[in-house]
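Asker: This is the structure I want to talk about, given as C-alpha cells.
The values are calculated or read from the model by the stated rules, or taken from the named source; none is laboratory data. Note that the coordinates shown come from a computational prediction; the quantities given were computed from them, not determined experimentally. All Cβ positions, even for glycine, are placed from backbone atoms using ideal geometry, and neighbour counts span all protein chains on display.
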Amino acid sequence: MKAVILAGGRGTRGRPFTDHIPKAMIPVQGRPLIYHVVRYLSKFDIIDSIIILGDFSGIGKQIEKYFENHISVKKPIKFIQDSQSGTGGDLIHLSSTIGKNKEFILWFVDNLCPVDINKMYRFHKDSKTIATIAVRRYRKEETGFAIVNNGIIEEFKEKPTIELQMAECLGIYIINSEIINKIKIKKQKKKDLNLSYDILQPLSRKRKIAAYDIGKTQWLDIDSPTRVDRNKELIDSIIKKFGT
C-alpha cells in the first residue's frame, strides 16, 4: 500500500512564516514537520512507498530539495505536482501512480498523530467501506475551565480533557482507489473539489464511510510555528512515539 502525504497549501494561520516556507517545512524539534511524518509512515511494513503531493513549482520545491539523497528514509519517495484544485481535486493526479493498489493512506501533512496504521487498516478492511477516516472524541483543552453554579465558580479545571459531542475528523484516511474515478467524474462539472464535502459527504449518506476512533491517542494540528511553541510537551511526547 502506498502512503500519500498531501503537502500543498501554505496555511493562512502560519503567516508570515508560510509566505516563504511551506507549512510542511515548519520546524519541529529541529527538523521539518514532513520529515517526521515520512519517517513514521515508512516504518510500517504495509507501506511500500511514499508519495508527496504538492505544488513543487513554487516554494514547495523546498520539500523536494530536502529529501534529495536522504538516506534516513528507507522507502522510495515520489513527488507529484498538484493543480491547486482542492483537497479532493488534487487526488486525480494519483491515478497513474496508485495503479492496481486497492487502497492507499492519505495523510494531511499538518497532522501529528502516532496512530497505529496496521490497526486502522484492519479496521478499514473489516468495515467493508470505501474510505475510513481517523476521528477522536476526546480533546485536551489549551485553556483553563471552571465549574459554575448560579454564577459562582465551584471548581477550576486546568486544561482538562473533554469528551466532544461530535467526533472530530482528523486528516488521516485510508481510501479505496475507486474514489479517484468518482473525483474524475465530479471534476467535469467543478474544478475545485473538497474531499470531505464534495466527495465523502455523498458517500456517507450511503453508509460507505467508516470512522476509526483513535481513543485518547495524542494528536495535534501543526498549522503554524506558534502552535509548535505552545505545545512543546505534547509534541515531545508524540515525536517520542514516532521514534523519529
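Asker: Please go through segment 82-116 and pick out each residue that is within 19 Å of Ile222 (Cα to Cα) and either more than 14 Å from the chain's Cα centre (by Cα) or assigned to a helix (DSSP H, G or I) (or both).
Answerer: Hit for segment 82-116 is Thr87, nothing else.
Asker: Among the listed residues Lys186, Lys240, identify the single one that is more than 20 Å from Val4 (Cα to Cα) and modelled with pLDDT under 95. First the steps, then the outcome.
Answerer: Details: Lys240 fails: modelled with pLDDT under 95.
Within the list Lys186, Lys240, the selection yields Lys186.
Asker: Can you find even one residue in segment 100-114 that is without any contact (Cβ under 8 Å) to a residue 40 or more places away in the chain, farther than 23 Å from Ser42 by Cα and exposed (fewer than 10 other Cβ atoms within 10 Å of the Cβ)? Walk me through how you get there before you give the answer.
Answerer: We begin by selecting, within segment 100-114, every residue without any contact (Cβ under 8 Å) to a residue 40 or more places away in the chain; these are 100.
Within this subset, residues satisfying the condition of being farther than 23 Å from Ser42 by Cα are none.
Taking every residue of segment 100-114 in turn, none turns out to be without any contact (Cβ under 8 Å) to a residue 40 or more places away in the chain, farther than 23 Å from Ser42 by Cα and exposed (fewer than 10 other Cβ atoms within 10 Å of the Cβ).
Asker: If I ask for residues that are under 16 Å from Gln218 (Cβ atoms) and not β-branched (Val, Ile, Thr), which ones from segment 117-153 would you list?
Answerer: If we filter segment 117-153 for residues that are under 16 Å from Gln218 (Cβ atoms), which is where we start, we get 117, 119-120, 134-142.
If the condition is that a residue be under 16 Å from Gln218 (Cβ atoms) and not β-branched (Val, Ile, Thr), then Lys119, Met120, Ala134, Arg136, Arg137, Tyr138, Arg139, Lys140, Glu141, Glu142 are the ones that fit.
Asker: Select from segment 12-38 the residues that are under 14 Å from the mean Cα position of the chain (by Cα) and modelled with pLDDT under 95 and list them in ascending order. So that I can check it myself, show each step before the final result.
Answerer: First pass over segment 12-38, keeping only residues under 14 Å from the mean Cα position of the chain (by Cα): 23-24, 33-38.
Answer for segment 12-38, where residues must be under 14 Å from the mean Cα position of the chain (by Cα) and modelled with pLDDT under 95: Lys23, Ala24.
Residues are listed down the side, and each one gets a yes or a no for (1) farther than 30 Å from Gly60 by Cα; (2) charged (D, E, K, R):
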| site | (1), (2) |
| --- | --- |
| Leu106 | no, no |
| Asp110 | no, yes |
| Glu142 | yes, yes |
| Lys159 | yes, yes |
| Ile172 | no, no |
| Glu178 | no, yes |
